[in-house]
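Take a look at the structure below.
The values are calculated or read from the model by the stated rules, or taken from the named source; none is laboratory data. This structure is a prediction, so every number in the text was calculated from the model and none was measured. Glycine gets a Cβ as well: all are built from the backbone with ideal geometry, and neighbour counts include every protein chain shown.
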Amino acid sequence: MNSPLKQSFHPPLQGKPHPMADYQSIRHSELEQLFEKKFHYQKPRGNESWQLPSQNEALFSEFYQFEALQGLREQLNAVKSRLNDYGVQEWSAHTNRRDPSGEVSWRLKNDTKAEFVTVAWCKFFECLHRYPLVKSPVVNTLHLCEAPGAFIASLNHYLHSIYSPDEINWRWRSTTLNPYYEGNALNQMITDDRFIFHTLDNWLFHKDLTGNLLDVANIEHLTERCSEDFQGQVDLITADGSIDCAAQPDCQEEIVVRLFFAEVLSALKILTSGGSFLVKMFTLFEACSVSLLYMLNCIFENVHIFKPATSKRGNSEVYVICLNYQRNTPGLPHLLKEMQSKLAQPNDTMVMPLFARSQIPPDFTMQHEIACRLYMKLQSDAIEGSIYAYESNDRHYLRHLHHLRGLVSNTYYSRYKVKLLEDSLCIVDKEATSKALGFSVPVYGGSYTERENLKHGDLLKQIYCLRREFNQLEKCPSGRPVYSYVKDRVDILELHVSRGAPVQNLQSSLFASEPILLLRLRILDTFGLDPVWQSAPKCQLENKTLNYLPPTENESFHSTQRRFFIDLLKAVRELQPQSIVFHKFLFLTHYSASLLLFLMETIYQDCSFECNQSQTLSLTKFKSAANNEIDQVLELLKDEQAGAIHCLLKIKELQKNQFSNALIQHNNNVLLTCFRGMLGEESFPMPVAPASNPEVSAIQEPAAVF
C-alpha cells in the first residue's frame, strides 16, 4: 500500500475500494497532512548561531544557484507541464470541485455569516490560530498588497473570537495597488473595492496615489505615515502580494522576487522590535529566495513555513511566518540600506542573491532543501491526483473526496473554534461587501498550449478569437436604452482635490465593466489602435465643436484629457452655451468623471444619457451665476505644480451610486460600438476556422457576464 502522503495526493490507479480499517486510517492521515503542512527552521545555538554578514562583506556580488534545488525545480515543472493542454477554465472548475477545503468558505459565508469571506480570509484565520502572530488585544497592524481586504476582516473575526469587545484596541492601515488609479494595469491588481470603498481612510496609496510598493519613494512615504499614525508601534505586518505569472508559469519565483524584496524591506523598516511578519511566497528554489529566507532567520527569533489547509493543494504558495523581530540585530541597518539601493534601480531584475554562497552556512541550506522537497512533493502529488480524477471515472475516489470535504470543514471549525460574529462588530456593513461584483472575468481562455500557439499565429486567427469574445459580450445585458440619472442633490457639491502621478497610459477604469476593458486591451495589443479614440469623440457647444484628440507622441493620457477639459471650460465660460452634447465620449477616469459631475451638478440644470445612434450625453440649461465656479476649477486644472490632479471630488461622490451606474452603462455601450466597428466584417474578412484547426477551434469561448 502507498504511504498516507502518496495515498492522499496520488490515488491508486486501479481505484479499488479500501478495507474499512485502512480507509479510516487513510482518512485520518489525510486530515493530518492537510492541516500540518508546516516546517520550522532550527537555529544552531551559541557561537554557531546564524548571523548576518559583516558590513565589510559585499552584498549582491555573486550569482549562483543550488544544484539540488534546481533539480527539484525541474521535477516540479515536469509535473506542471502535464497541465499545458488542459483548458484553464475547465481545469479550474475541476480543481475547485475536488478541493478538500472547498466547503469551508461556503460554510463561513452561509452558516456563520462571517464578514467578507474569501479563500484568503480562511487561510489567514488558520495562520492566526496556528502561530502567535497576535499577542494582545491592544495591537497595531499593517497589511501590504492587501486588496480586496479579506485579511483585515479575518483578523477582526479572530480578535472578537479570542477577546471581549471592551478589551480590543486595534488600529490598522493597509496598502495595495490603487483600484481608483487608472494608470495601474488591470491584470496586475484586484479591482474589487467593496471593502476598500467603505474603509478608505485606512488605506494608504502614497503620494503618487498608485499604491505601488515597488517604488522606493512609496516605501519611504509608507514608513513615515506608519510612524505618524502608530507612533512607531506596529506589532504585525502581513504581505499577501503576487504577480500574474500565467504567461510564464515556470518562472513564477523569478517574476515575483522583486515584489518579495519590496515587501520584506517595507516590513523591516516599519515593524516594532518583537513584532511578527507574515509574507506569502511560492517555490523557494532560487538562490535569491534562499538568501532572503536566511536573512529572515538571522533577524527573527523563529521562522516557519506553513501551507494552510484552505490553500489550494496544487499551487505553490506558502506563508513564511516570522516571529519576534530582532530590530537591533548587528548589521541590519546597512543591509536595509543596500536592499533599498538595489530596489531603487527600476530595470534591475533582482535575480542576484543578496548574499554570496559562502555567507550562507551549510546547515541552513540543508534544512531549506528539506523544506523545498516537502512542499514540492505535496504539490506534485496534488497535481497528479487532480489529473487522475480528471481523466478517470473512479466513483469510489470521487465519493471519498465528497466525504473528505465534510471532514475538513468540521475539522476547521473545531480546531479553530469558529464562532458567530455579531453584525455590530463587523468592520463594514455585511450587505455592502456581500453584493456580487456583477460579472465574472475569464482573463485567460483555452489551454496554455493553445494560448502560446495563438500568440504566434497570424493576424486573422487573432481577429477571429477577438470577434468570438466580442460576440459573447454583446449577448450579455449591458444596460437600458436610456441611462437613468436624476438630479436630487440638496447640498452643494464640494471640491476635494486629490493629486498624484499623472496617468501615462489608460490601463484600467472603474467606470466600465471589466470584461469590456480587457477586450479593449487585447484589441489594442493586436492592432496597435486604441478603441477609446476610434469613435472620434467630440463635444458640441451649440455652434462650436471641440474634438477630443488622442495623445501625440510622448504625451501622457493625463495631459491629453487635461488639455481638452481646460479648453472645454474656457469655451463654457466664454460662450455660456445653453447645452453641451458629448458624442461617443468616454469618461473612464476619475479626472473626467469628476469634471462631468461638476458640470452636471453645478453649471447645468438638466442632464440626460441617451443610447441612440450618436450615443450622446447632454447637459442643458446653463446657470447664469456659475462663472465663479468655472473660474475656480479652471485655476485648479491649470496649476499642477503640487502634482497632477487625479480627481476633483471625493471618491464617494463618484462610486457606487446612481451616477456611477449610469456612467458605467454609457461607457460600456460606447466601447462595444467601437469594438463593433473595429472587428466587423467590413473591416476584416472572416478567417476560415475549420473544426480540425486546433489553433482556432480549441479556443474557449469566454463566459463573461457583467
| task | For residue 391, indicate whether it is of a type outside the set (Val, Ile, Thr) and either under 30 Å from the mean Cα position of the chain (by Cα) or within 12 Å of residue 294 (Cβ to Cβ) (or both). | result | no
| request: Could you grab me the full set of residues in region 32-58 that are buried (at least 17 other Cβ atoms within 10 Å of the Cβ) and modelled with pLDDT under 90? | output: 33
| task | Would you check which residues across region 326-370 are surrounded by 15 or more Cβ atoms within 10 Å (Cβ to Cβ) and either small (Gly, Ala, Ser) or not assigned by TED's automatic domain parsing to the domain that holds residue 52 (or both) and list them? | result | 331, 356
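With 177, 200 as the choices, which residue is without any contact (Cβ under 8 Å) to a residue 60 or more places away in the chain and either under 14 Å from the mean Cα position of the chain (by Cα) or in a helix (DSSP H, G or I) (or both)?
Working: 200 fails: without any contact (Cβ under 8 Å) to a residue 60 or more places away in the chain.
Sole residue among the options that is without any contact (Cβ under 8 Å) to a residue 60 or more places away in the chain and either under 14 Å from the mean Cα position of the chain (by Cα) or in a helix (DSSP H, G or I) (or both): 177.
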| Among (1) among the polar types (S, T, N, Q); (2) buried (at least 18 other Cβ atoms within 10 Å of the Cβ); (3) in contact with a Phe, Trp or Tyr (Cβ under 9 Å, 6 or more places away or on another chain), the one test that residue 118 misses | (3)
| task | Under 8 Å between Cβ atoms, at least 6 apart or on separate chains: pull out the pairs that start in region 297-321 with a residue that is closer than 17 Å to residue 240 by Cα and end on any residue that is part of a strand (DSSP E or B) and small (Gly, Ala, Ser). | result | 321/276
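Can you say whether residue 205 is assigned to a helix (DSSP H, G or I) and either outside the structural domain of residue 558 (by TED's automatic domain parsing) or of a type in the set (Val, Ile, Thr) (or both), as far as the supplied structure shows? I'd like the intermediate steps shown before the answer.
Values: assigned to a helix (DSSP H, G or I): no; either outside the structural domain of residue 558 (by TED's automatic domain parsing) or of a type in the set (Val, Ile, Thr) (or both): yes.
The answer is no for residue 205.
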| request: Under 9 Å between Cβ atoms, at least 6 apart or on separate chains: pull out the pairs that start in region 565-592 with a residue that is within 26 Å of residue 534 (Cα to Cα) and assigned by TED's automatic domain parsing to the domain that holds residue 616 and end on any residue that is buried (at least 21 other Cβ atoms within 10 Å of the Cβ) and of a type in the set (Asp, Glu). | output: 588/182; 589/182; 590/182; 591/182
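Can you confirm whether region 542-563 contains a residue that is of a type in the set (Gly, Ala, Ser), in a helix (DSSP H, G or I) and more than 32 Å from the chain's Cα centre (by Cα)?
If we filter region 542-563 for residues that are of a type in the set (Gly, Ala, Ser), which is where we start, we get 556, 559.
If we keep only those that are in a helix (DSSP H, G or I) as well, we get 559.
Of the ones still in play, those that are also more than 32 Å from the chain's Cα centre (by Cα) are none.
Checked region 542-563: no residue is of a type in the set (Gly, Ala, Ser), in a helix (DSSP H, G or I) and more than 32 Å from the chain's Cα centre (by Cα).
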| note | Matching residues in region 207-234 (within 13 Å of residue 266 (Cα to Cα), crowded, with 16+ Cβ neighbours inside 10 Å and either among the acidic types (Asp, Glu) or in contact with an Asp or Glu (Cβ under 8 Å, 6 or more places away or on another chain) (or both)) number 3
| task | Collect the residues in region 392-421 that are within 22 Å of residue 156 (Cα to Cα) and either touching a residue at least 60 places away in the same chain (Cβ under 8 Å) or in contact with an Asp or Glu (Cβ under 8 Å, 6 or more places away or on another chain) (or both), keeping them in residue-number order. | result | 409, 411, 412, 413, 415, 416, 417, 418, 419, 420, 421
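Quick check on my filter: what residues within region 274-294 are more than 17 Å from residue 63 (Cβ to Cβ) and not basic (Lys, Arg)?
We begin by selecting, within region 274-294, every residue more than 17 Å from residue 63 (Cβ to Cβ); these are 274-284, 293.
274, 275, 276, 277, 278, 279, 281, 282, 283, 284, 293 - these are the residues of region 274-294 that are more than 17 Å from residue 63 (Cβ to Cβ) and not basic (Lys, Arg).
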| query | Scanning region 539-588 for residues that are crowded, with 16+ Cβ neighbours inside 10 Å and of a type in the set (Ser, Thr, Tyr), which turns out farthest from residue 505 (Cα to Cα)? | reply | 548
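Can you find a residue in region 280-297 that is of a type in the set (Phe, Trp, Tyr) and closer than 23 Å to residue 222 by Cβ?
First pass over region 280-297, keeping only residues of a type in the set (Phe, Trp, Tyr): 282, 285, 294.
Then keep just the ones that are closer than 23 Å to residue 222 by Cβ; that gives none.
Checking region 280-297: not a single residue is of a type in the set (Phe, Trp, Tyr) and closer than 23 Å to residue 222 by Cβ.
Taking into account only those residues within region 653-675 that are part of a loop (DSSP other than H, G, I, E, B) and in contact (Cβ under 8 Å) with a residue 12 or more places away in the chain, which is nearest to residue 596 (Cα to Cα)? Break it down into steps so the answer makes sense when it comes.
Here is the first cut: in region 653-675, the residues part of a loop (DSSP other than H, G, I, E, B) are 655-657.
Then keep just the ones that are in contact (Cβ under 8 Å) with a residue 12 or more places away in the chain; that gives 655-656.
Details: 655: 13, 656: 16 Å.
Among them, the one singled out is 655.
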| said: Restricting to region 637-647, give me the number of residues that are out of contact with any His (no Cβ under 7 Å at 6 or more places or on another chain) and either surrounded by 13 or more Cβ atoms within 10 Å (Cβ to Cβ) or not assigned by TED's automatic domain parsing to the domain that holds residue 578 (or both). | reply: 4
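Does residue 621 satisfy the condition of being assigned by TED's automatic domain parsing to the domain that holds residue 540, assigned to a loop (DSSP other than H, G, I, E, B), at pLDDT below 95 and surrounded by fewer than 22 Cβ atoms within 10 Å (Cβ to Cβ)? Don't jump to the end; show me each part of the working.
Values: assigned by TED's automatic domain parsing to the domain that holds residue 540: yes; assigned to a loop (DSSP other than H, G, I, E, B): no; at pLDDT below 95: yes; surrounded by fewer than 22 Cβ atoms within 10 Å (Cβ to Cβ): yes.
When the stated conditions are applied, residue 621 does not pass them.
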| task | Mind listing whichever residues of region 633-652 are in contact with a helix residue (DSSP H, G or I) (Cβ under 9 Å, 6 or more places away or on another chain) and part of a helix (DSSP H, G or I)? | result | 633, 634, 637, 638, 651, 652
| task | Check off (1) without any contact (Cβ under 8 Å) to a residue 12 or more places away in the chain; (2) in a loop (DSSP other than H, G, I, E, B); (3) aliphatic (A, V, I, L, M) for residue 217 and give me the number that stays unchecked. | result | (2)
| said: Residues that are hydrophobic (A, V, I, L, M, F, W, C) and at pLDDT 85 or above: list the helices (runs of 4 or more DSSP H) wholly contained in region 386-477 that include at least 2 such residues. | reply: 395-415, 459-475
| Which of the residues belonging to region 515-538 are buried (at least 21 other Cβ atoms within 10 Å of the Cβ), out of contact with any Asp or Glu (no Cβ under 9 Å at 6 or more places or on another chain) and not in a loop (DSSP other than H, G, I, E, B)? | 516, 517, 531
